[in-house]
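Quick notes on the structure that follows.
The values are calculated or read from the model by the stated rules, or taken from the named source; none is laboratory data. Keep in mind that what you see is a predicted model, and the values were worked out from it rather than measured. Positions of Cβ are backbone-derived with ideal geometry, glycine not excepted, and every protein chain shown enters the neighbour counts.
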Amino acid sequence: MEQLGSFLPLIILFAIFYFLIIRPQQQHQKKHKAMLEDLSKGDKIITTGGLIAEIVKPEEEFIKIKLNDDTIVKLDRAYVSKKVELGENA
């Protein structure tokens, strides 16, 4: 019984750590993964480098994006930061 009492603060600390840090991060990763899977032609994205681009052709691992009227490049899906929603200016 005394051993359980000595581990109780450690268990409480882990529970707080889990609910404040680990769980929200897992939820964010799930949302980001779902967003990457739902990307389609014509969507506007922001890359991790800060570029705003339009998707020309989504492929399995890469995405062809249009940076301007003349420049089309391939981008690894891992470098998509977020999708620009309609209400945002881009």
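Some values worked out for this structure:
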| item | result |
| --- | --- |
| Index of the failed condition, A53 passing every other in (1) part of a strand (DSSP E or B); (2) of a type outside the set (F, W, Y); (3) without any contact (Cβ under 8 Å) to a residue 12 or more places away in the chain | (3) |
| Meets criteria (within 10 Å of the chain's Cα centre (by Cα) and basic (K, R)) for K44 | no |
| Selection count where residues are of a type in the set (V, I, T) and closer than 13 Å to E37 by Cα, scope segment 56-90 | 2 |
| Meets criteria (part of a helix (DSSP H, G or I) and farther than 10 Å from V80 by Cα) for L8 | yes |
| Tally, over segment 33-42, of residues that are free of Cβ contacts under 8 Å to residues at least 40 places away in the same chain and part of a helix (DSSP H, G or I) | 3 |
| Residue match in segment 22-30 (condition: over 21 Å from V84 (Cα atoms), assigned to a helix (DSSP H, G or I) and among the hydrophobic types (A, V, I, L, M, F, W, C)) | yes |
| Exclusive hit being surrounded by 11 or more Cβ atoms within 10 Å (Cβ to Cβ) and touching a Pro at 6+ places or on another chain (Cβ under 9 Å), set L39, L75, L67 | L39 |
| Among (1) free of Cβ contacts under 8 Å to residues at least 40 places away in the same chain; (2) surrounded by 10 or more Cβ atoms within 10 Å (Cβ to Cβ); (3) assigned by TED's automatic domain parsing to the domain that holds S81 - the single one I46 does not satisfy | (1) |
| Given (1) surrounded by 10 or more Cβ atoms within 10 Å (Cβ to Cβ); (2) at pLDDT below 95; (3) within 25 Å of the chain's Cα centre (by Cα), index of the condition E54 fails | (2) |
